[in-house]
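Below is one structure, written out as structure tokens, with a few remarks after it.
None of the figures in this text is laboratory data; all of them are computed from the coordinates on show. The shown structure was predicted, so the numbers you read here are calculated from the model rather than taken from an experiment. Counting neighbours? That spans all protein chains shown, and the Cβs are built from the backbone with ideal geometry, glycine included.
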């Protein structure tokens, strides 16, 4: 094909056409960008509204379950306190009713504290701290409880010092929760172990018991708010564990069998100086 000879008019027309096309493309791109921005804003608003509705739904469900859980211990506490007002009550009975009433009120206090921790979240101001000192404090808290059942607590830490940058109290509370569950699941004279290690960018805390294990049909529900297999459990402990782990960029895993007991492993990002 033979191209027509070029002349100034043809070049001028081609340049003008190129300029017009470029402007049209620029206008089209700008319009598309505007539409994307508007759609993104609408989507964000929709997602925000959906998130608010979902949160309200969850809070409504939590409030209903909390009211149900509060009713029984509160009624029991009122019953015991009512007995204290009976005339002619023997001192021995008075002390017994007072202790039972206090026990129910302490349970209510723990339940409400767990509820507040779950609703507010347990990630506060992160600080850098060595894991070894955290474990020392953890065992100081847990050893007296374990001793009541003659349970031996063991620890295993790596030779290399490890640190976290996290809400120290939240992490401590999470580990206390896991160890308390392990102690409760174990029989008298058993062993509960805490093993700390690292893999890649994460530190893991393995809490292992030698209890009866957790049935497979219950494992997926253990981290749901208010789900519990114990009569005295609030059902919020493991939900808070999961919430705290995820708030710090980590996660929690469970392995359980009837022969070997249960192992809960908490993973948290390891702190490394830049």
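Just subtract the alpha-carbon distance of residue 195 and residue 42 from 0.36 nm times their residue separation and send over the number in nm, one decimal. Walk me through the numbers before you get to the answer.
On the way: separation 153, 0.36 × 153 = 55.08 nm, distance 4.80 nm.
So the chain would gain 50.3 nm between residue 195 and residue 42.
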(Q) With just the Cα atoms defining each centre, how far is region 246-262 from region 187-241? Give it in Å. (A) 6 Å
Q: Neighbouring Cβ atoms within 10 Å as the yardstick, rank 112, 240 fewest first.
A: 112, 240
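In whole Å, what three semi-axes, largest first, describe the equivalent ellipsoid of region 189-274 built from its Cα gyration tensor (square root of 5 times each eigenvalue)? Before the final figure, lay out the partial values.
Values: eigenvalues 120, 59, 22 Å².
For region 189-274, the ellipsoid semi-axes come out as 24, 17, 10 Å.
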Q: Compute the distance in nm between two label points, each set 7 Å from the Cα along the Cα-to-Cβ direction, one at residue 227 and one at residue 165.
A: 3.4 nm
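Take 125, 248, 210 and order them by how many other Cβ atoms sit within 10 Å, fewest up front. Display every interim value, and only then the final one.
Working: 125 8, 248 22, 210 18.
Neighbour counts put them in this order, fewest first: 125, 210, 248.
Quote the FRET efficiency, to the nearest 0.05, computed for residue 260 versus residue 176 with a Förster distance R0 of 30 Å and r equal to the Cβ-Cβ distance.
Calculated value: 0.85.
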Q) Say R0 is 45 Å: what FRET efficiency, to the nearest 0.05, do residue 71 and residue 251 get from their beta-carbon distance? A) 0.85
Q: Sort 192, 207, 128, 135 so the one with the fewest other Cβ atoms within 10 Å of its own Cβ comes first.
A: 128, 135, 207, 192
Q. Modelled label-to-label distance, residue 143 and residue 125, 7 Å Cα→beta-carbon offset: nm?
A. 3.1 nm
